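The values are calculated or read from the model by the stated rules, or taken from the named source; none is laboratory data. All figures in this text were calculated on a predicted structure; none of them were measured in a lab. All Cβ positions, glycine included, derive from the backbone under ideal geometry; neighbour counts span all protein chains shown.
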Amino acid sequence: HPHQQVAEAKQAYGAGAAEQADDTKSTMGGSRSGSQSQFAIAPTESKEEAAARRMAARTVRGVNLTMDPVVLQDAQAAFNHFRDNCARARTIEDNKRVLKEKYNSAKELAERVNATRGTITYLKQTIEQIRRERAMDEMR
């Protein structure tokens, strides 16, 4: 039941994630009807257990779907689950760290530039004062 699976993914992670789950299933090779045989209910398994097993077997962008009720009911918790379990999570954290370092470096450089600019302004004013004093001395 592909439509039921997409509906479950929408409930778990929102509409965008459900489309990704649908895309992932269709690109795994074979037809959708052929993939249903791997999710058949075992004779000793309840419908709830089978649903949980099917949900655990599916992924969205490499993240296993979860049956955790907290994650399923709270959009922020679902996002955090996805973000924390995404294959790119480490890369994202590394990029954040590098960006923070660059931001701090740029901030320090800006402080140095502003200090230098202040020094230049002070020196210009000092030179202008000396020129005025010399001009006054020449007039006397």
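At a glance:
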read-out	value
Cβ pairs under 6 Å, 6+ apart, first in the stretch 65-89 and under 20 Å from Glu49 (Cβ atoms), second of a type outside the set (Gly, Ala, Ser) and outside any helix (DSSP H, G or I)	Leu65/Arg58
Residue identified as at pLDDT below 95, out of contact with any Cys (no Cβ under 9 Å at 6 or more places or on another chain) and not charged (D, E, K, R) among Ala115, Ala106, Ala75	Ala75
